[in-house]
Amino acid sequence: MKIFTIGFTKKSAREFFGKLKDPGIKRLVDVRLNNVSQLAGFAKKEDLGFFVEAICDIGYVHLPQLAPTQEMLDAYRKAKGGWANYEKEFLELMSHRKIETQVQRDVIDGGCLLCSEQTPDHCHRRLVAEYLSEKWGGMDIKHII
């Protein structure tokens, strides 16, 4: 299995969609809780599904069960809760949700997990990819920067 990850922040539409033309990517897997914000620009849900199909010839799916809760996001971003605490809570949330049994492997295989963070180091998309790799085994993870 191969899984990709990407964030859209600080990328132009040209750069973002160009990077999604990797020959191994079959679909964009949106793992954001809120994907309709005006701040998302070209990455708003309704537009994004159209763009990835028209520009990249790949599918689009939104899987909010792979996103943190609003409370977790607020504690991390607004209350400055710290990455270590956020990471611990999010890993517990994925385990509680049993995402490895809730998400079909064929949706993830060749999928590119999308969120807003520019890099994967402090981003839940990396945690999702690593968690599923640990649970399912044998996954190759490629972070697109």
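The values are calculated or read from the model by the stated rules, or taken from the named source; none is laboratory data. Just so it is clear, the structure is predicted and the values come from calculations on it, not from any experiment. All Cβ positions, even for glycine, are placed from backbone atoms using ideal geometry, and neighbour counts span all protein chains on display.
Worth a mention:
- Number of the exception - residue 86 against (1) surrounded by fewer than 17 Cβ atoms within 10 Å (Cβ to Cβ); (2) in a helix (DSSP H, G or I): (1)
- Some residue of the range 20-39 being more than 19 Å from residue 124 (Cβ to Cβ), outside any loop (DSSP other than H, G, I, E, B) and touching a helix residue (DSSP H, G or I) at 6+ places or on another chain (Cβ under 7 Å): no
- Among (1) under 17 Å from residue 126 (Cα atoms); (2) in a helix (DSSP H, G or I); (3) at pLDDT 95 or above; (4) not polar (S, T, N, Q) - the single one residue 17 does not satisfy: (1)
- Counting the residues of the range 24-49 that are at pLDDT below 95 and among the hydrophobic types (A, V, I, L, M, F, W, C) gives 7.
- Residue within the range 65-80 that is modelled with pLDDT of 95 or more, part of a loop (DSSP other than H, G, I, E, B) and closer than 21 Å to residue 137 by Cβ present: no
- Set 45, 11: member being within 20 Å of residue 119 (Cα to Cα) and surrounded by fewer than 20 Cβ atoms within 10 Å (Cβ to Cβ): 11
- Options 119, 101; residue that is among the hydroxyl-bearing types (Ser, Thr, Tyr) and either in contact (Cβ under 8 Å) with a residue 12 or more places away in the chain or under 20 Å from residue 11 (Cα atoms) (or both): 119
- Where residue 127 falls short, out of the listed (1) farther than 21 Å from residue 25 by Cα; (2) in contact with a helix residue (DSSP H, G or I) (Cβ under 7 Å, 6 or more places away or on another chain); (3) in a helix (DSSP H, G or I); (4) not aromatic (Phe, Trp, Tyr): (1)
- Residue within the range 23-40 that is out of contact with any strand residue (DSSP E or B) (no Cβ under 9 Å at 6 or more places or on another chain), in contact (Cβ under 8 Å) with a residue 12 or more places away in the chain, exposed (fewer than 15 other Cβ atoms within 10 Å of the Cβ) and closer than 14 Å to residue 111 by Cα present: no
- Selection count where residues are closer than 16 Å to residue 28 by Cβ and touching a helix residue (DSSP H, G or I) at 6+ places or on another chain (Cβ under 8 Å), scope the range 91-123: 8
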